[in-house]
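Undergrad: Got a structure for you, questions after.
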Amino acid sequence: VSFLLELTIAKMSMNIFRLCGDMSHVFSIIVLLLRLRVVKNAQGISLRTHELFLIVFITRYLDLFTTYYSLYNSCMKVMYIATTALIVYMIRSTEPICSTYDKAQDTFLHYKFAVAPCIALATITAFIGSKNSLPTIMEVLWTFSIYLESIAILPQLIVLQ
């Protein structure tokens, strides 16, 4: 974390609110990973929420392959994708964590009621927003990620209900 802070201070064009948001997100990921590793229990955690966030990060951060902004930006994007993939992997495949995951509680049909509608909405709005030209696949996927992120927490809320 201190490396990221030094990197940010060195490049003063960084927005302090973005830095605070990124650091709180990193902190929450670390807490969840530590909980899974120490307690070895996935009770009360929605795998589907984390699958949705993984889809959000992958579709939003495709620009990693096309545009370089900064080392900080690239590292954060890779870290979000990798740690979210690790959370999904741990809940799906790591014993004894996967045996404590309660699939019966995690019932939200995320592909049917989150992914599909967000793809449709993103495609429609991308075509409307691009007026005279066709939108690029990157624009559609970025728009999709914004819509999906806004509802990705729903499966977790249902698990907690």
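The values are calculated or read from the model by the stated rules, or taken from the named source; none is laboratory data. All values derive from a computational prediction rather than experimental measurement. When we count neighbours, we look across all protein chains shown, and the Cβ atoms used for this are built from the backbone with ideal geometry, even at glycine. These accessible areas exclude ligands, DNA and RNA; they are computed on the full protein's heavy atoms, side chains included. Shrake-Rupley method; radii C 1.70, N 1.55, O 1.52, S 1.80 Å.
Undergrad: Residues of the range 65-79 being part of a helix (DSSP H, G or I), open to solvent by 50 Å² or more (accessible area, probe 1.4 Å) and either basic (Lys, Arg) or under 21 Å from residue 144 (Cα atoms) (or both), which ones?
TA: Selection gives 65, 78, 79.
Undergrad: Here is a check on your reading of the model: is residue 56 closer than 24 Å to residue 14 by Cα, open to solvent by 60 Å² or more (accessible area, probe 1.4 Å) and under 20 Å from the mean Cα position of the chain (by Cα)?
TA: Against the criterion (closer than 24 Å to residue 14 by Cα, open to solvent by 60 Å² or more (accessible area, probe 1.4 Å) and under 20 Å from the mean Cα position of the chain (by Cα)), residue 56 does not qualify.
Undergrad: Taking the criterion of being hydroxyl-bearing (Ser, Thr, Tyr) and farther than 24 Å from residue 33 by Cα, would at least one residue in the range 69-87 satisfy it?
TA: yes
Undergrad: Considering each residue of the range 50-86, count those that are under 23 Å from residue 155 (Cβ atoms) and basic (Lys, Arg), and give that number.
TA: 1
Undergrad: Another one. Within the range 33-57, work out how many residues are touching a helix residue (DSSP H, G or I) at 6+ places or on another chain (Cβ under 6 Å) and of a type in the set (A, V, I, L, M, F, W, C).
TA: Residues flagged as touching a helix residue (DSSP H, G or I) at 6+ places or on another chain (Cβ under 6 Å) and of a type in the set (A, V, I, L, M, F, W, C) within the range 33-57 amount to 8.
Undergrad: Taking the range 32-48 as the region of interest, how many residues are touching a His at 6+ places or on another chain (Cβ under 8 Å) and either open to solvent by less than 30 Å² (accessible area, probe 1.4 Å) or acidic (Asp, Glu) (or both)?
TA: Summing the residues that are touching a His at 6+ places or on another chain (Cβ under 8 Å) and either open to solvent by less than 30 Å² (accessible area, probe 1.4 Å) or acidic (Asp, Glu) (or both) in the range 32-48 gives 0.
Undergrad: Shifting gears a bit: Go through 83, 107 for me and flag whichever is at pLDDT 95 or above and polar (S, T, N, Q). Explain how you work it out, then say what you get.
TA: On the way: 107 fails: at pLDDT 95 or above.
Just one listed residue meets the conditions, 83.
Undergrad: Continuing with the same structure: Looking at 48, 60, which is the one that is closer than 19 Å to residue 141 by Cα, basic (Lys, Arg) and at pLDDT 95 or above?
TA: Values: 48 fails: closer than 19 Å to residue 141 by Cα.
Among 48, 60, only 60 is closer than 19 Å to residue 141 by Cα, basic (Lys, Arg) and at pLDDT 95 or above.
Undergrad: Restricting attention to the range 101-114, which residues are of a type outside the set (Gly, Ala, Ser) and open to solvent by less than 40 Å² (accessible area, probe 1.4 Å)?
TA: Residues satisfying the conditions are 101, 106, 108, 110.
Undergrad: Can you tell me how many residues in the range 118-161 are in a loop (DSSP other than H, G, I, E, B), open to solvent by 50 Å² or more (accessible area, probe 1.4 Å) and without any contact (Cβ under 8 Å) to a residue 24 or more places away in the chain?
TA: Summing the residues that are in a loop (DSSP other than H, G, I, E, B), open to solvent by 50 Å² or more (accessible area, probe 1.4 Å) and without any contact (Cβ under 8 Å) to a residue 24 or more places away in the chain in the range 118-161 gives 6.
Undergrad: Tell me whether the range 14-24 contains one or more residues that are of a type in the set (Ser, Thr, Tyr), out of contact with any helix residue (DSSP H, G or I) (no Cβ under 9 Å at 6 or more places or on another chain), part of a helix (DSSP H, G or I) and modelled with pLDDT of 95 or more.
TA: Yes, the range 14-24 contains at least one residue that is of a type in the set (Ser, Thr, Tyr), out of contact with any helix residue (DSSP H, G or I) (no Cβ under 9 Å at 6 or more places or on another chain), part of a helix (DSSP H, G or I) and modelled with pLDDT of 95 or more.
The rows are residues; the columns are (1) in a loop (DSSP other than H, G, I, E, B); (2) among the aliphatic types (A, V, I, L, M).
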position	(1), (2)
83	no, no
106	yes, no
111	no, no
116	no, yes
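Undergrad: Let me ask something else about it. So, in the range 85-104, exactly how many residues are farther than 24 Å from residue 21 by Cα, in a helix (DSSP H, G or I) and touching a Leu at 6+ places or on another chain (Cβ under 7 Å)?
TA: Matching residues across the range 85-104 total 4.
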